[in-house]
Amino acid sequence: MEYWVIDGGSTDGSLEILQSFGDQIHFISEPDHGIYDAMNKGLSRLQGDIIGMIGADDFYPSNDVISSVVAVFSQNEVEVVYGDKQYVNPEDTNHIVRYWKSGAYQIKNWLYGWMPPHLSFYIKKSAADSNGPYLTQFTCSADYEWMLRALYKNKMRAAYLPKVLMTMRNGGTSTASWKHRLVANREDRMAWSINGLKPYWFTLTLKPLRKINQLF
């Protein structure tokens with residue numbers, strides 16, 4: 001297991017906590033140009049066979065997440081493993097407010113607004129290298145573009161693990177305002193065009209609508 005923490009230059013005591021782990025955790029702390037720039041810094045440093053990411057305010061719902069993911073990679077000839085994700089009340093993390101059930105992988109589902117949850121997305125290091133970095137001209141949809149590029153454009157083989165792999169506190173960057181949603185929709189469209197791909201006319205209208213089911 002190799003841990004890299006990409007810190008944007010914290011002054012809140014985070015560095016002292018990281019330093020207390022000695023060489024168990026690798027980290028850098030410096031200004032960056034946003035979350036996707038930080039993710040690229042991580043991708044360029046990781047040496048392990050499989051890559052997974054976790055946000056600063058997120059947490060694993062159980063202690064067997066990583067071993068479960070590794071088992072699926074071991075049992076299947078795939079480059080990607082993804083699972084489910086849940087959103088919780090930031091004040092009461094036992095209160096689930098949204099459940100993202102991904103479902104078995106079918107490439108055609110991208111055309112119907114589907115995507116896997118980004119932080120429940122694990123990819124082989126070799127596949128991540130061939131896929132290239134996150135595109136930092138995106139402000140909120142670089143994760144969508146990166147996964148679209150990997151699975152739809154580059155047709156990487158994927159396996160679905162029916163298990164919650166990430167818990168996110170509601171209210172983060174990807175769950176922000178309607179104004180944010182309009183920006184995301186514009187960037188979603190750019191994600192298809194920048195890869196020379198053509199969605200259906202309704203694809204990117206369905207994408208936010210699919211989230212409604214996650215509330216029930």
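What to note about this one:
- Residue under evaluation residue 30, criteria (1) among the acidic types (Asp, Glu); (2) modelled with pLDDT of 95 or more; (3) closer than 30 Å to residue 213 by Cβ, criterion not met: (3)
- Positions within the stretch 36-57 being of a type in the set (A, V, I, L, M, F, W, C) and at pLDDT 95 or above, in sequence order: 38, 39, 43, 46, 50, 51, 53, 54
- Strands (runs of 3 or more DSSP E) fully within the stretch 1-93 that include at least 1 residues being of a type in the set (Asp, Glu) and free of Cβ contacts under 8 Å to residues at least 40 places away in the same chain: 4-7.
- Extreme residue, farthest from residue 61 (Cα to Cα), among residues of the stretch 104-161 that are polar (S, T, N, Q) and in contact with a strand residue (DSSP E or B) (Cβ under 8 Å, 6 or more places away or on another chain): 131
- Remark: residue 105 falls outside the filter, which requires a residue to be buried (at least 20 other Cβ atoms within 10 Å of the Cβ) and modelled with pLDDT of 95 or more.
- Residue ID - nearest to residue 58 (Cα to Cα), chosen from residues in the stretch 174-216 that are modelled with pLDDT of 95 or more and of a type in the set (Phe, Trp, Tyr): 192
- Residues that are among the hydrophobic types (A, V, I, L, M, F, W, C) and surrounded by fewer than 16 Cβ atoms within 10 Å (Cβ to Cβ) were ranked within the stretch 6-26; the one that is farthest from residue 139 (Cα to Cα) is 21.
- Residue 115 being touching a His at 6+ places or on another chain (Cβ under 9 Å), in a loop (DSSP other than H, G, I, E, B) and at negative phi: no
- Sole residue being in a helix (DSSP H, G or I), closer than 30 Å to residue 95 by Cβ and in contact with a Gly (Cβ under 7 Å, 6 or more places away or on another chain), chosen from 163, 211, 179, 207: 207
- Only residues that are within 15 Å of residue 61 (Cα to Cα) and either more than 17 Å from the chain's Cα centre (by Cα) or surrounded by fewer than 14 Cβ atoms within 10 Å (Cβ to Cβ) (or both) were counted across the stretch 89-100, and they come to 8.
- Exclusive hit being within 27 Å of residue 40 (Cβ to Cβ) and either at pLDDT below 95 or crowded, with 20+ Cβ neighbours inside 10 Å (or both), set 130, 141: 141
- Subset of the stretch 38-75 (residues that are closer than 16 Å to residue 124 by Cα and either among the small types (Gly, Ala, Ser) or surrounded by fewer than 12 Cβ atoms within 10 Å (Cβ to Cβ) (or both)): 42, 44, 47, 48, 49, 52, 67, 68, 71, 74, 75
- Filter result for residue 134 (in contact with a Phe, Trp or Tyr (Cβ under 7 Å, 6 or more places away or on another chain) and farther than 23 Å from residue 206 by Cβ): yes
- Breaking point among (1) among the small types (Gly, Ala, Ser); (2) closer than 24 Å to residue 212 by Cα; (3) over 15 Å from the mean Cα position of the chain (by Cα); (4) modelled with pLDDT of 95 or more, for residue 171: (4)
The values are calculated or read from the model by the stated rules, or taken from the named source; none is laboratory data. Everything numeric here is computed off the predicted structure, so don't read it as measured data. Here Cβ is always computed from backbone atoms with ideal geometry, including for glycine, and neighbour counts include all displayed protein chains.
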